[in-house]
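Peer 1: Encoded as structure tokens, here's the structure I'll be asking about.
The values are calculated or read from the model by the stated rules, or taken from the named source; none is laboratory data. Being a predicted model, the structure only gives us computed values, none of them experimental. Cβ placement follows ideal geometry from the backbone for every residue including glycine, while neighbour counts extend to all protein chains displayed. Areas reflect the complete protein model, heavy atoms only, side chains present, ligands, DNA and RNA absent. Shrake-Rupley method; radii C 1.70, N 1.55, O 1.52, S 1.80 Å.
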Amino acid sequence: LFGVNSIENIPFQDARNNPLMKVPRREMNRAMSDICRRYGIDYWVWTPADIDLKDTAKRDALLARFDEFFADTVTLSGVFVPGGDPGDNPPELVMPLLEEIARRMAPRHPKAKVWLSLQGFNKQKEEAVYQYIEQRQPGWLGGLVAGPSSPPIARTRQRLPARYGLRLYPDLT
């Protein structure tokens, strides 16, 4: 932990029991949040929307997982949702999901923000995200994340209003 300023967890993936993961996922999520709180380290999560967001039952189930996670964690700095890697949903479904995640997160983690990567988005989807941001200026959005298969960082910074952050995500996992 020496020298880091944040930890990013993947709280919903791979709940299988195996010899390497001796602690259940939910218990580990709580522990990681508490460790970050005690050390003063930002605690982020990577949470893809890798379901069909038109399927309301699956969308509701995903949001219920977020509710449980938000209730379990003592600290949370940011929720990072990759736009299209994984996941194959258009921005007109992704952006309302992010807004709903932020609304549910705010009571327990009022300083936390939601972040989005444009990974896997073509120029049309990219443009839809920028239009959403420009028209709505969402306060819940922390910014955009540039990672593998994302648009060039310079173009992203140029299009993204200055009030929003831009995070490099080199995917060193």
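Peer 1: So how far apart, in nm, are the two label points at residue 8 and residue 136 if each is 7 Å from Cα heading toward Cβ?
Peer 2: Taking the simple label geometry, residue 8 and residue 136 are separated by 2.3 nm.
Peer 1: Could you work out the relative contact order of the chain, using alpha carbon pairs under 8 angstrom and six or more residues apart, expressed as a whole percent?
Peer 2: On the way: 251 pairs, mean separation 30.4, N = 173.
In percent, rounded to a whole number, it is 18.
Peer 1: Can you send over the carbon and sulfur percentage of the accessible area for segment 99-173, probe radius 1.4 Å, protein chains only?
Peer 2: Working: 2130 of 4150 Å².
Of all accessible area on segment 99-173, carbon and sulfur atoms account for 51 percent.
Peer 1: Still on this structure: Report the paramagnetic label zone for residue 92: residues of segment 108-134 whose backbone N is under 19 Å from a point 7 Å from Cα along the Cα-to-Cβ axis.
Peer 2: 121-134
Peer 1: Quick one: if you stick a label point 7 Å off each Cα along the C-beta vector at residue 123 and residue 111, how many nm between them?
Peer 2: Between residue 123 and residue 111, the simple spin-label model gives 4.1 nm.
Peer 1: Within segment 69-122, which trypsin sites (Lys or Arg not before Pro) sit in a loop by DSSP and count at most 12 neighbouring Cβ atoms inside 10 Å? List each step's numbers first, then the result.
Peer 2: Working: sites: 103, 104, 108, 111, 113; in loops: 108, 111.
Filter output for segment 69-122: 111.
Peer 1: Taking only protein heavy atoms and a 1.4 Å probe, what accessible area per residue, in Å², does the chain have with all protein chains in place?
Peer 2: Values: 9580 Å² over 173 residues.
About 55 Å² of surface per residue is accessible.
Peer 1: Let me have the 222 nm mean residue ellipticity of the chain computed from DSSP H runs of 4+ only, each contributing -39500 (n - 2.57), with the sum over all residues rounded to the nearest 500.
Peer 2: The helix-only estimate for the chain comes to -12500 deg cm²/dmol at 222 nm.
Peer 1: Could you tell me what percent of the accessible area of segment 1-86 is made up of carbon and sulfur, with a 1.4 Å probe and every protein chain present? Don't skip to the answer; put the middle values down first.
Peer 2: Numbers: 2630 of 5000 Å².
Looking at segment 1-86 in its full context, I get 53 percent from C and S.
Peer 1: Here is a further query. Would you kindly derive the ³J(HN,Hα) couplings of segment 69-76 from the backbone phi angles with the Karplus curve 6.51 cos²θ - 1.76 cosθ + 1.60 (θ = phi - 60°), listing them in order in whole Hz, with x for Gly and Pro?
Peer 2: 5, 4, 5, 7, 8, 8, 9, 7
Peer 1: Continuing with this model, one more query. Quick check for the chain: number of Lys pairs with alpha-carbon distance under 27 Å, counting only pairs 8 or more apart or on different chains? Intermediate results must be reported in sequence, preceding the final value.
Peer 2: On the way: 54/113; 54/123; 54/125; 58/113; 58/125; 113/123; 113/125.
Final tally of qualifying lysine pairs is 7.
Peer 1: Rounded to the nearest 5, what % of DSSP beta bridges with both residues in the chain are antiparallel? Show your work: numbers first, answer last.
Peer 2: Details: 1 of 21 bridges.
Around 5 percent antiparallel, to the nearest 5.
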